[in-house]
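Asks: Dropping a structure here in structure tokens format, bear with me for questions.
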Amino acid sequence: MPRGRRGGRVSALEGGPEEAAAPAPAPAAGASQLQPPAAAAQTLLRGIFEIRRSSCDVVLSERALRWRPIVPERPAGDSKCDVQCKEEFIEVKDIFSVKLKRRYSAKQQGNGTLLGITLFICLKKEQNKLKDSTLDLINLSEDHCDVWFKQFKKILAGFSNRPKSLKVILNPQSHKKEATQIYHEKVEPLLRVAGIKTDVTSSTNVLAHSLHGIPHVVTATLHIIMGHVQPVDVCTFSTTGKLLRFGFSAMFGFGGRTLALAEKHRWMSPNQRRDFAVMKALAKLKPEDCEISFLPFISSHDLEERKAEGSPKSDCNDQWQTIQGQFLNVSIMAIPCLCSVAPRGLAPNTRLNNGSMALIIARNTSRPEFIKHLKRYAGVKNQFNFPFVETYTVGEVKVRPRNNSGYSLEEDGLHAAASENSFPWNVDGDLMEAKSEVQVKLHPRLINLYGGSTEEMNDSQGTCNCL
């Protein structure tokens, strides 16, 4: 039995001058990824625990937990000793919870028999995927484990960006209506282990796949638990000076008509409803007569160059451009919109927080040509490489329909769906109705959301909620 498992003979060393002078374990394979400042961080605790059935010398510093198996002294150059004595470590920033490990029996009352401490760890796998894991530090001494447990809790309390409570948006219709079951089986247990209180609400979230770069529920949950925060651009949608809503992506024309049709067939399954609406909208395909005004996006670098050249401020910021005509579809997107029908994104050149929106316009063309354009979203060819498709990078957009009669689904053999004299918009998969001009304005990095790196989003295969 390892010495550390007996009563108070092996005590934890609390940080102080003695610990600073104590020699740390020598570097070995597995520790090479740790940055030099972390390796030199002040030692907080040092003691003995059994880890993976080996008695180990364990050192906790401000940045890492390091351990090395304790083995009998062997002659120098013994290869077996080199393998057995290799040091391992985890960085404390990857720990998201700590619990006292106990054994409970049917007849036992109270807290049960102490076995040691369990650390809950977040590991990064391939393709942006995160995975939860555990590490047991076995020691039967109550006093020994209590000191270490309190130190781990103190360290975790220092990560102020990690949430203590959450408002969870759950879509009960997603993943073949299994979303609620998946949440309770995979998400809620992790949140509970991390000590996060939750309040759950029955809505959709078109942002999720663009935010995480992968449709993986555990990855999304661990990003939240670990406090991985991303600032995100947000759009406001207004008409006649009145704020309609906030959002991240919008479609007018074909995209809006398709969603309006789908909303009238809620009795169908989500996939059937989407396919029916797309086919019906294509069968009744017709353009919208409208005027589109927009402010081209000017990066801060370009703005400084123009100012250096002596261009007036108004020339730099207020150059509104206007186009008029017959348009089959108008897309305005502040996020890439990664989904199954567009693995590279509906707006692949857009990012979550680069301060710009993509304006994508499909002018009037034949139905076969428009269908070719739509099909290319699912492939590797450029979906914008058509003479009737125009793309712009913008900071603000105004869309003004010139047909005052509005849109009615009675034309498609249905009874009223959109309000009289109003036009349907698809905003983040939700139907929005507007009777006149809609102004879409970008607000850079307006909110912070939990998610991974915005530059690693290439292989998402999630379900599309845009149509």
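Asks: Among residues other than LEU222 whose Cβ falls under 12 Å from its Cβ, what is the net charge (Lys/Arg +1, Asp/Glu -1)? Intermediate values should be presented prior to the final figure.
Replies: Details: positive: LYS124, LYS125, LYS129, LYS131, ARG162, LYS186; negative: ASP94, ASP132.
Result for the local shell: +4.
Asks: Let me ask you something else. Once you have all Cα-Cα distances for segment 113-193, histogram them in 5 Å bins from zero and send the whole-percent values.
Replies: 3, 10, 15, 18, 19, 15, 9, 6, 4, 1, 0
Asks: List the lysines whose Cα sits under 18 Å from the Cα of LYS372, skipping any in the same chain fewer than 8 residues away.
Replies: By straight Cα distance, LYS372 reaches LYS280, LYS284, LYS286, LYS381.
Asks: Within the set of other residues whose C-beta is less than 9 Å from the C-beta of LEU166, count the net charge using Lys and Arg as +1 and Asp and Glu as -1.
Replies: On the way: positive: LYS164, LYS167, LYS197; negative: ASP199.
After counting each charged neighbour, the total is +2.
Asks: Quick one: grab the alpha carbon gyration tensor of segment 209-277, order the square roots of its eigenvalues as a ≥ b ≥ c, and give me rounded if a/c is under 1.5, else prolate or oblate depending on whether a/b is larger than b/c.
Replies: Working: a/c = 3.06, a/b = 1.29, b/c = 2.37.
Oblate, since a/c reaches 1.5 and b/c is not below a/b.
Asks: Which whole-angstrom value gives the distance between the alpha carbon centres of segment 129-157 and segment 233-293?
Replies: Each part's Cα centre sits 51 Å from the other's.
Asks: Something else about it: Structure shown: which of LYS99/LYS154; LYS129/LYS154; LYS150/LYS197 lie over 25 Å apart, alpha-carbon to alpha-carbon? Mind dumping the intermediate values first?
Replies: Values: LYS99/LYS154 13 Å; LYS129/LYS154 28 Å; LYS150/LYS197 21 Å.
Pairs exceeding 25 Å: LYS129/LYS154.
Each value in this text was obtained by applying a stated rule to the coordinates, not by laboratory testing. Predicted model only: the values in this text are computed from it and were never measured. Please note: Cβ atoms are built from the backbone with ideal geometry, for glycine as well, and neighbour counts cover all protein chains shown.
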